Amino acid sequence: NQDQLVSTVYIRRFLVRSSEENRQYLCGGIGNVATLPDYRRQGLSRHLLRMTLAKMEQSEEFDFSFLGTEKH
């Protein structure tokens, strides 16, 4: 089915404050990477992660990015 969401990556924007430099940085937190079981091992998450990183680099909005991992 072409209308079914089978893989996703979530970008969360949050501020990180440096106490040494007294400065705030905008971080792109990458999380909630998930693919339905029937669609795994096809490179979908890898492709989405690459697209996500490219989009963040192009926008020049973020000072850095962070990938959090936790398996549920």
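The values are calculated or read from the model by the stated rules, or taken from the named source; none is laboratory data. Quick caveat, the model's predicted, so the values are computed rather than measured. For neighbour counting, all protein chains shown are included, and Cβ atoms are generated from backbone atoms with ideal geometry for every residue, glycine included. Note: areas computed on protein heavy atoms with side chains; ligands, DNA, RNA excluded. Shrake-Rupley method; radii C 1.70, N 1.55, O 1.52, S 1.80 Å.
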### Message
Over the chain, with the other protein chains present, what is the accessible area per residue in square angstrom, probe 1.4 angstrom?
### Response
88 Å²
### Message
Rounded to the nearest 5, what % of DSSP beta bridges with both residues in the chain are antiparallel?
### Response
75 percent
### Message
For a quick check of your reading of the filter: which trypsin sites (Lys or Arg not before Pro) in the stretch 19-72 sit in a DSSP loop and have no more than 10 other Cβ atoms within 10 Å?
### Response
R41, K71
### Task
Give me the percent of the accessible area of the chain that comes from carbon and sulfur atoms, probe 1.4 Å, all protein chains in place.
46 percent
### Task
Note the direction-averaged projected area, equal to a quarter of the hull surface, for the Cα convex hull of the chain, in nm².
6.2 nm²
### Query
Over its Cα atoms, what ratio of radius of gyration to 2.2 N^0.38 Å does the stretch 6-46 give?
1.74
### Task
Let me know the charge dipole size of the chain about its Cα centre in debye, to the nearest 20, where only the beta-carbon of Lys, Arg (+1) and Asp, Glu (-1) is charged.
260 debye
#### Entry: Amide H partners (placed H, <5 Å) of L67, local residues excluded
I30
